[in-house]
There are 2 protein chains.
Amino acid sequence: MKVSIVDDNELMRENIAKRISATNDIQVVGVFADGQYLLDYLETCNSEDLPDVILMDIEMPTNGIYTTGIVKSKFTSIDIIMLTVFDDDNTIYEAIKAGALGYLLKEEPSETIIKAIQDIKNGGSIISPSIARKIIRFVATPEQSKKSKPAENPLTKREVEILGLISNGHTNPQIAEKLFISYETVRKHVRNIYEKLQVSNRTSAAKRAIDNRWLPE
Amino acid sequence: MKVSIVDDNELMRENIAKRISATNDIQVVGVFADGQYLLDYLETCNSEDLPDVILMDIEMPTNGIYTTGIVKSKFTSIDIIMLTVFDDDNTIYEAIKAGALGYLLKEEPSETIIKAIQDIKNGGSIISPSIARKIIRFVATPEQSKKSKPAENPLTKREVEILGLISNGHTNPQIAEKLFISYETVRKHVRNIYEKLQVSNRTSAAKRAIDNRWLPE
DNA sequence: GACACAATACTCCAATTGAGGTATTTTAGG
DNA sequence: CCTAAAATACCTCAATTGGAGTATTGTGTC
């Protein structure tokens, strides 16, 4: 299996290369100090010479996340494992979005890196435990709480109900019919809604309701 | 470290118990055939006797995902590792949502299970490689493509611009002023929008625009 | 340069909406 | 039981909106 390594620290990349090439089914076919050097190299490669797996550092002039995105878009068969010291949520998230299939901290022992390379071509992903925990937390976080917290809803139950119908594009006569109340009553509710929300038309009110997730899905 | 095991297969749970209790910092303090039995046990426990970690199977009368949710809500200090044969996306996702911090397939060797138990109290998570791959794919999937694909946008650039202002609650006179065009022209655009979208009021039009993500964020 | 389409602008009419009231009946809590 | 809030209902007037036209001026493409 052909593996390339990208890391701006010379000692580190040579060290990793030596450690993993001791395994007989792994062959290091390229060691680069920057993402751009890797990209240049890949462009010159015959497809049969392309690496199967790339171990990618992040902090480089042409950074590893950007490089990962380019590699995955141009060479879909190459799998990428991030090998870095970064463990903040955003870096992890961006790396995965860019297409990384594994994420290891540099502190991992050689056997783990080697297992990651082998597993990745088998459809598996190896992730350092502390990184895995952060990814799990990310998945467990409800969609809406990732965004800003909604404002408190000052409306009554009936008002929310009517605002929901407004948001769906219903007119006042349609709402009256649907709720079995008079047209004038609907209008009164609507005006009360406007006053509470400090708006003066139904589209603004609908926007507030949607933005704040006041309406049931 | 105190570990409990929940699995409806007697052979399996005894087997796991024997394998992990060979490690001297792990002590099996409860083995249950169903989630409900575990919950009953936890209720009777003094807090100092509660397990630190639970290995949880999924397929049981009181299923493991439900049980996980209850345990995490009542006993926040207990960490839960799923130990199961299920590897479908939805089961994994639901387990994580319920609060599982680790996810292992039953095929994993004893050392991996033991390492998972030790790591979890250290702030790490161990996930079987094939499961990890699926979680990574999940995180990498763009938010919107998890939902239905948006319809093709039949509107012109100017129409989209105006629909955007409508969606923000602007009136036609306000839009006219903002775009330096006449009020009557705005109304013409708006009517063209309605015709193309087959709607007859601005709130419906705004809803379509938002639902289909036609507007820039 | 011809042609389609987008963008601009206007008129007229009817329906809906927004803003200001008042008033009665339910509902929920103390 | 009493009271406050919510829900109901109605009136009036002005502004905005929606629907139906017509017409002129870019703009880009073949």
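The values are calculated or read from the model by the stated rules, or taken from the named source; none is laboratory data. Since the structure is predicted, the reported quantities are computational estimates derived from the model, not experimental observations. All Cβ positions, even for glycine, are placed from backbone atoms using ideal geometry, and neighbour counts span all protein chains on display. Calculation scope for accessible area: heavy atoms of the full protein, side chains included, ligands and nucleic acids excluded. Shrake-Rupley method; radii C 1.70, N 1.55, O 1.52, S 1.80 Å.
If you go through the range B:158-168 one residue at a time, do you hit one that is more than 10 Å from chain A (Cβ to nearest Cβ), more than 13 Å from DNA strand D (Cβ to nearest atom) and touching a Leu at 6+ places or on another chain (Cβ under 6 Å)? Checked the range B:158-168: at least one residue is more than 10 Å from chain A (Cβ to nearest Cβ), more than 13 Å from DNA strand D (Cβ to nearest atom) and touching a Leu at 6+ places or on another chain (Cβ under 6 Å).
Going by the structure shown, is A:LEU105 free of Cβ contacts under 8 Å to residues at least 40 places away in the same chain and closer than 30 Å to B:SER125 by Cβ? For A:LEU105, the condition - free of Cβ contacts under 8 Å to residues at least 40 places away in the same chain and closer than 30 Å to B:SER125 by Cβ - is met.
Can you name every residue in the range B:76-102 that is free of Cβ contacts under 8 Å to residues at least 40 places away in the same chain and either outside the structural domain of B:ALA132 (by TED's automatic domain parsing) or open to solvent by less than 30 Å² (accessible area, probe 1.4 Å) (or both)?
Narrowing the range B:76-102 to residues free of Cβ contacts under 8 Å to residues at least 40 places away in the same chain: B:76-78, B:80, B:82, B:84-86, B:88, B:90-91, B:94-99, B:101-102.
Once the filter is applied, which keeps residues that are free of Cβ contacts under 8 Å to residues at least 40 places away in the same chain and either outside the structural domain of B:ALA132 (by TED's automatic domain parsing) or open to solvent by less than 30 Å² (accessible area, probe 1.4 Å) (or both), the range B:76-102 yields B:ILE78, B:ILE80, B:MET82, B:THR84, B:THR91, B:ALA95, B:ILE96, B:ALA98, B:GLY99, B:LEU101, B:GLY102.
Just one of the numbered conditions (1) in contact with a Phe, Trp or Tyr (Cβ under 8 Å, 6 or more places away or on another chain); (2) crowded, with 20+ Cβ neighbours inside 10 Å; (3) away from every other protein chain (no Cβ under 14 Å) is not true of B:ASN153: (2). Among the residues making up the range B:170-210, those that are more than 10 Å from DNA strand C (Cβ to nearest atom) and more than 13 Å from chain A (Cβ to nearest Cβ) are B:GLU177, B:LYS178, B:GLU195.
Across the range A:111-140, the qualifying residues are those that are open to solvent by 30 Å² or more (accessible area, probe 1.4 Å) and closer than 29 Å to A:ASN24 by Cβ, and the one among them that is nearest to the chain's Cα centre (by Cα) is A:GLY123.
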